[in-house]
Every structure is written in structure tokens, then in C-alpha cells.
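The values are calculated or read from the model by the stated rules, or taken from the named source; none is laboratory data. Remember, predicted model here, so these are calculated numbers, not experimental data. When we count neighbours, we look across all protein chains shown, and the Cβ atoms used for this are built from the backbone with ideal geometry, even at glycine. The area values use the complete protein model at the heavy-atom level, side chains included, leaving out ligands, DNA and RNA. Shrake-Rupley method; radii C 1.70, N 1.55, O 1.52, S 1.80 Å.
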Amino acid sequence: MRHTLSVLVENEPGVLSRVAGLFSGRGFNIESLNVAPTLEDGVSLMTIVTDGEELIIEQIKKQLRKLITVIKVVDMNEVKYVDREMILLKVNATEQTRAEVLRIVDIFRCKVVDVSPTELALEATGDRGKIKALTNLLVRFGIKELARTGSVAMRRSMQIED
Amino acid sequence: MKLTGAQILLESMVKEGVDKIFGYPGGAVLDIYHALSDYPLQHFLVRHEQGAVHAADGFARASGRTGVALVTSGPGATNAITGIATAYMDSIPLVIFTGQVPTKLIGNDAFQEVDIVGISRSCTKHNYLVKDVKDLARTIKEAFYLARSGRPGPVLVDLPKDVVAARTEYYYPKQVSMRSYNPTYKANKRQIQKGVTLIKKAKRPLIFTGGGVIASDAHAELTRLARQLEIPVTSSMMGLGSFPGNDPLHLGMLGMHGTYVANMAVNYTDLLIAVGVRFDDRVTGKLETFAPEAKIIHIDIDPTSIRKNVSVDVPIVSDCKRALEAINEEFAPILSQEDLPRKFASWRDKIRAWEESHPLSYEDNGEVIKPQMVVEKLYEITKGEAIIATEVGQNQMWATQHFKYHKPRTLLTSGGLGTMGYGFPAAIGAQVAFPDKLVIDIAGDGSIQMNIQELTTAVCHRLPVKIIILNNCCLGMVRQWQELFYDRNYSFTCLEQMPDFVKLAEAFGAEGYRIQAKEEIDPVLRQALSSPYTAVVDVLVEQGENVYPMVPSGAGLNEMLLV
Ligand SMILES: Cc1ncc(C[n+]2csc(CCOP(=O)(O)OP(=O)(O)O)c2C)c(N)n1
Ligand SMILES: [Mg+2]
């Protein structure tokens, strides 16, 4: 199953290679990995999306906690959380198709961030499902380039049972 | 007063209780070597950096203290890697200091530059590159703390040349504060009680001990538990010595070359009490059929060891000693009411029967010396009062099968990595820790050639280590696999060109002995063992002898090949 892990780490040189090396050395998957500083000095937050059987996920979490520079690991799948990813993509938009592309832009609340006579560059934010739906819809126009941030995630303040 | 980085390093080592270090100099560590004689640190000059790390490792295993090695940058550092990986696999507390090119040159492919922090990342518990002399003291404090606490392991500290030359105020922190590192030492009481309940309910319990029992000094607690309840004990190779090997409750080693009785006991036990082990594949054989009837209690300080390979009914994350203390405490009142040992009596009878029907054995026919005999003779002569190091291969298996380890820290062997060339330098380290004890390396003719240069080290420092070569003129263990599983195609395992080990020993300034006939075994071994000098004994043994029992790779523990 896919899991989203929030990993607080000491922000020091080499910490990324320790985490990445752990995944490659032990044959764990990384679907996406995002890292950036937090409000606290010297601490960064990594959001890692990984995939594996439950025993593997358990090992991944334990192995991450064992790294000396890892402060805390939260498995978002065990709580209610929101996750978002941002993508930038460049899609073909000719005279014939431009209107339809823009309609999709509208529906998905994307932003147009760059224009040329034949292409549109879009910015979109959403959870995995939304991003997938968007790219699926745009693919037939021809996506020329795609850059994604990978997921970032946050625990919901109210952990309401459903 | 301001000190140089080199002085800070040496002063801090002294503060950490270090008095003996193993090393080899070079350009990047010149400042450190320059200051060395000002400190009460005895430096043992090895002849290869791998030897320095193995010696520090042997020192640590034998004494329970943290071993220290000091090597230069580049090739000095890479030469140390095999030693570091060996210690990492077996959780041995070491601190390795490597020289590095000056900070300004890092990343420039400078002369003798390697990214040793990058190279060693996956075989150290943690590592550091010190970029500012102001961070040096704190880093050293952390390095020693990390190496010995929690699940121990090697920690590497990389020291650029300009950092050890720079000066700063010296302040050595009293304590370490690391928010991201907090090993769990104390067992959860509920888990302990669950474990105790399982033990009370069991009919065929078996204790399985590993290196963690030795690392946490828990042998007394373990022995108490086993003897009070009269539960049989088996050990992984790393666990030998954690329970007296001459106690009738001890079944010997389990796993690929374990005893028949130990493997059968694992196969039939209904409760495996695993303490300080990690269920390595050499121990479990085929996982699906490992301990098929057993519930499992697993005590280990490292959460990643638990449920990594086998599923566990009662996981207990704890220091082994503390967990065993807690279990013993729970049993004190129970034992006054219930006769648990009697409940396990028929199980012990069954075990006794396996032991009697299939003891460790070998065919002793004709003139040729069997390697097992030599090990048995060593046990007989020393009465188990010796520190035994081993190389890797058949010699290692015979040394672990036929010598009984009465006490912890008397067997030094590369378990996880299986490093040929480990035993001799490790024996040197143990002899440094205990100058008056008898230290023996049980060696193979192949392995001993991997670090033979350390004979100089031993002779120079008057370390009377004994090397007993079980010389079968082949890479015996590999030859055994070729015989059994590769159509007897002995591809590059039978060594045609053998050095004359006696002359070799003498050339290094050590004593050399040779044993060629059975009747020479006893007198020559006695003579060599009682010599005050470094000695090599070349024993010519049967070439085709195999190690049995053997569980073929991928088979279940009950599918042993026997003699
Ligand atoms: C450094 C290293 N290289 C290769 C091996 C693979 N290996 C395992 S046992 C063995 C043979 C060892 O020969 P020897 O030391 O003569 O011991 P024997 O098995 O003959 O007792 C080899 C080559 C190893 N364990 N370590
Ligand atoms: Mg051999």
C-alpha cells in the first residue's frame, strides 16, 4: 500500500543522502520525496511517499527512526491528513484546442503561468487524485513538459472518525 | 588556553577512558601523530589499516570497552572499510578517526582525498565530517556515546588536516544531548508480563541467545533464567559464551552448522525465547519452516531487528539485561508456588535423546589428522580458559562446534560479514586488552594469508598470540560447497602454492611449529601454547574434511546433512 511519511530531520549536510541511501541500500521504494526547512532553525521536513507491504512499511519507519539525524517519523496513513502536490506543465494549445484547454484550466482551478502561440504553461495544485485527473485530461493535447514537487502533507487539526 | 584540534582529539580520548589505540600514520594525520607522545595513550602500529580496525574490534569484543583506530586519508581510510563493515555487522563499539584533506580542498579530487563519510555511510552507526575545530570536542563526545550506547556500532569521525591544526578554546562537554537519539533501555512492563505468561504456559520452551546478550552484559541474568526454569539454551555463533557452553542445558549452536539437537529443538519447541538476536539467514534456514510450532518472544534493543525476518508474538524492545532482570523478578514468586522445571522435564528428556543419538562427530580413520581433533585438543589443554579468535570458513565452524565457550567475550569471530583475515588482528587486539591471557587464533591456510603482515605488529609489541592453522591446503568451506552443490568442480579453491608457514613465521621473528602426525598434536600444541612468544602452528589436516551437520542454503533446519 502507498504510505505518506512525514519525517523531521536535523538540517545538516548529508542528511538527504542518509535517507536516500537507506531506501536504495535496502531496496525500499521512493515514489516522491520533498524536503524543505521548517519554522524551527536547523530542522527540515521531508515528505516521503513510498509503497510496500505492511511489514516493509514497518521496517521503513523503524529504519528511518534509527538514523541518528532523524528526529521524528509520522505515518500519515495512521491519521487524518491533507496532502497536496504542485505541478507545472506545458501543454500544446493550438487555435483549435486552446479554448478547451482553458476550460479544463478553469474547472481544475489551475493558473496559466506562461503563454506562447502554440503552448500554455499551467500551474496546478491538488491531491494525487486531482493531479492524475488533470494530466489524464490534458494528455490528448500533448503534454510537452512536466515538473512536480511531490506530495507535502499535514495532519488535520480535527481527527474526526468517519 | 587554546589547544590545537590534534590536542583536543587526544585529550578527549583520554577523557573517554581510552588508553590504547591502533593506527597507521600518513600525511593527513601528521599533526595528530606529532602530538601523540604528549598523552598517556599507547599506540599500536599495525601493518595495514584493516588490521588496525580488526585489532580495535578484537580489543572491544574481548574487553567490552570501545575500540579506537586512527588512520590517514584516502587509501588509509578505504583500507579501514572492511574492518568497519565487520564491526558494523556484529554491533561492535568502535570509534574510527580518519584523516582528510584540508577543508578548502574537499571536493577537488585532492591528493589522497576520498569521500569516506559517503563511502562508510552504510556500514557505520553514524559518521561525521568535522568542518570547524569548534565542533570537534562535541563531535568526539557524541561519537563515543553513539558507539557504546543503544545497539553499539562503529562511528567514524573524518578530520580535515586544517581542522586538527587549528586552535580553539577546549571545553569537553560532560553530557550529550541529542534530541534525535534515544534508545529504549527499559522494557515495557506489560510486554514482560505477556512474555512470562507464555513461558508459564509453554511445554517445550527453548532459549535462543545472540550477541546482544554479550553486548549488554546480560549473561548472569540469562544464566539465572535458564537454570532456574531449567530451560535448554541454544546460541547463534555471536551468542556463544552468553551461557556456559559446558552446562548440560546448553545445546550448542543452531543454524547452518548447528548441532543436530539444537536444530531439532528449534523445530519442535512451542516457545522460542529469543534474546539479543536478529534471525540471520544462516540461523533460520528456510524462513517458512523455521520454528514451525513455536510462539516467539523476541527481546532486542533495536526495533528494526524485531519482525524483520520472522513474525513475533511478544516483541520486547529493551536492553537484554534489563528485560531479563524484569522477567527473573516476575518469576521469583511464581517459582515458589509452581514447579515449572518439572513441567519441562519430558521436553528435556526428548532433547537428551537427540543429543545422544546424534552428537557432534567425525570419522577418525587412519593416519591423517582431522581438524576437529585439533580444536578438541585445544579445548582439553586450555580447559576453555582462553580467548579464541577465528578466521572464516571451515576453521571457524570447527572452532565454534568443538570448543566450548564458558564465558562471554571469549570468542571473537566475524559473524555477520564473515571476513577472512579478521581473526589474527582481532586476537592481537584481545591480547593488548589482556596481556596475561592466552589468546589463540584458530585459522585457515587461506584466511591467515589475508592479514599475515600483522605478525610484525605482534612480534614488535611482544604479543604472544598463538595462530593455529588448520591447514587443509584449500579454501575448504568453498571447496565443500563445490563438492556438495557444484558437481565437484573445484574451481580455484585448492591452493597449489602454499607458503611454508613455519619459515614465514620465523622470517617475521615469530616461532614456527609444524604438526604432521597425530602423536605430535598434544606435545607440540602444549609447547606452542606455553611459549612466551608469538607463535604459528601449521597443522596439516585432511583436505577433504567437511563441516557437518549442514543445513543446505534455503533448506529447513530439520533437513540437515549429517556425517
Ligand atoms: C575476505 C573474504 N573473501 C572471500 C570469502 C569467501 N570465503 C568464505 S570461506 C572461504 C575459504 C576460507 O579458506 P581457509 O581460510 O583456508 O579456511 P577453511 O575453510 O579451509 O578452513 C572463502 C574464500 C570470505 N569469507 N572473506
Ligand atoms: Mg583452508
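List of remarks:
- Chain lengthening between A:Asn29 and A:Arg128 when straightened (0.36 nm per residue, less Cα-Cα): 33.9 nm
- Carbon and sulfur %, accessible surface of the stretch B:272-317 computed with the full protein complex present, 1.4 Å: 44 percent
- q = 0.05, 0.07, 0.12 Å⁻¹, chain B: log10 I(q)/I(0) [Debye, one scatterer per Cα]: -0.21, -0.42, -1.16
- Annotation: amide H of B:Glu511 within the under-5 Å range of B:Thr534, B:Ala535, B:Val536, sequence separation 5 or more or interchain, hydrogens built in the peptide plane.
- Relative contact order (%) - criterion: Cα under 8 Å, at least six apart; region: chain B: 14 percent
- Computed from backbone phi, the HN-Hα couplings of the stretch B:447-456 come to 4, 5, 6, 7, 9, 4, 4, 6, 4, 4 Hz, rounded to whole numbers (Karplus: 6.51 cos²θ - 1.76 cosθ + 1.60, θ = phi - 60°; Gly and Pro given as x).
- Accessible area (Å², per residue) of chain A, counting only protein heavy atoms and a probe of 1.4 Å: 57 Å²
- Heavy-atom accessible area, 1.4 Å probe, ligands and nucleic acids excluded: residues of the stretch A:51-82 down by at least 20 Å² from chain alone: A:Leu55, A:Glu58, A:Gln59, A:Lys62, A:Lys66, A:Ile68, A:Ile71
- Available extension along the chain between B:Val176 and B:Lys383 is 70.2 nm, counting 0.36 nm per residue and deducting the alpha carbon span.
- Shielded by partner chains, the stretch B:101-122 residues - at least 50 Å² of accessible area, 1.4 Å probe, vs chain alone: B:Arg121
- Dividing the mean sequence gap of close Cα pairs (under 8 Å, 6+ apart) by how many residues the stretch B:208-345 holds gives a relative contact order of 25 percent.
- Take every pair of alpha-carbon atoms less than 8 Å apart whose residues are at least six positions apart; their mean separation over the length of chain A yields a relative contact order of 27 percent.
- Pairs of alpha carbons in the stretch B:1-99 separated by more than 19 Å make up 36% of all such pairs.
- Chain B contacts chain A over a buried accessible area of about 1500 Å², both sides summed; the probe is 1.4 Å and only protein chains count.
- Solvent-accessible ranking of A:Met86, B:Met13, B:Met450, B:Met498, largest area first, probe 1.4 Å: B:Met450, A:Met86, B:Met498, B:Met13
- A Cβ-based charge dipole, computed about the Cα centre of the stretch B:232-390 with Lys and Arg at +1 and Asp and Glu at -1, lands at about 220 debye.
- Among the listed pairs A:Lys90/A:Lys132; B:Lys131/B:Lys161; B:Lys350/B:Lys404, those with a Cα-Cα distance over 18 Å are B:Lys350/B:Lys404.
- Shielding by other protein chains, A:12-19, mean Cβ within 10 Å: 2
- Surface share of carbon and sulfur [accessible, 1.4 angstrom probe, percent] for the stretch B:66-151: 52 percent
- Amide H contacts for B:Phe44 (H built 1.01 Å from N in the peptide plane; partners 5 or more residues away or on another chain; cut-off under 5 Å): B:Ile21, B:Phe22, B:Gly23.
- Residue-span extension gain [A:Ala99 to A:Leu146] - 0.36 nm each, minus C-alpha spacing: 14.8 nm
- Tail beyond 14 Å, pair distance distribution of the stretch A:1-49 (Cα, percent): 51 percent
- Each of B:His219, B:Leu240, B:Val196 was scored by the projection of its Cα onto the charge dipole of the stretch B:195-257, and the greatest displacement toward the positive side belongs to B:Val196; charges sit on the C-beta of Lys, Arg, Asp and Glu.
- Heavy atoms of B:Val176 accessible to a 1.4 Å probe, total area in Å² rounded to 10: 40 Å²
- Simple spin-label estimate for B:Asn365 and B:Met1 in nanometres, 7 Å along Cα-Cβ: 7.5 nm
- Of all stretches in chain B that contain no GluC sites (Glu not before Pro) in a DSSP loop with at most 16 other Cβ atoms within 10 Å, the longest one is B:1-292.
- The mean number of Cβ atoms from other chains found within 10 Å of a Cβ in peptide B:297-310 is 2, as a whole number.
- Reduced Cα scattering model of the protein assembly as shown, Debye log10 I(q)/I(0), q = 0.10 Å⁻¹: -1.05
- Here the stretch B:376-497 exposes an accessible surface that is 54 percent carbon and sulfur, computed with a 1.4 Å probe and the other protein chains kept in place.
- Drop in accessible area of at least 40 Å² in the complex versus isolated chain, residues of the stretch B:166-199, 1.4 Å probe: B:Arg179, B:Ser180
- For the set A:Lys62/B:Lys200; B:Lys201/B:Lys286; B:Lys377/B:Lys437; B:Lys201/B:Lys321, the pairs lying more than 20 angstrom apart at their alpha carbons are A:Lys62/B:Lys200; B:Lys201/B:Lys286; B:Lys201/B:Lys321.
- The order of A:Val74, B:Val374, A:Val113 by accessible area, most exposed first and with a 1.4 Å probe, is A:Val113, A:Val74, B:Val374.
- In this calculation the C-beta distance from B:Lys407 to B:Gln112 is compared with R0 = 30 Å, giving a FRET efficiency of 0.10.
- 11 Å beta-carbon shell around B:Val68, net charge (K/R +1, D/E -1): -1
- Inter-site label distance for B:Asp247 and A:Thr135 at 7 Å from Cα along Cβ, in nm: 6.0 nm
- Projected label distance in nm at B:Ser37 and B:Leu495, using a 7 Å step from Cα toward the beta-carbon: 3.9 nm
- Sparse-neighbourhood loop sites, chymotrypsin sites (Phe, Trp or Tyr not before Pro) in the stretch B:137-221 - DSSP loop, at most 14 other Cβ within 10 angstrom: B:Tyr171
- Computed [θ] at 222 nm, helices only, for the protein assembly as shown once each DSSP H run of length n ≥ 4 contributes -39500 (n - 2.57): -10500 deg cm²/dmol
- Ordered by solvent-accessible area of protein heavy atoms (1.4 Å probe), largest first, the residues B:Leu557, A:Leu67 come out as A:Leu67, B:Leu557.
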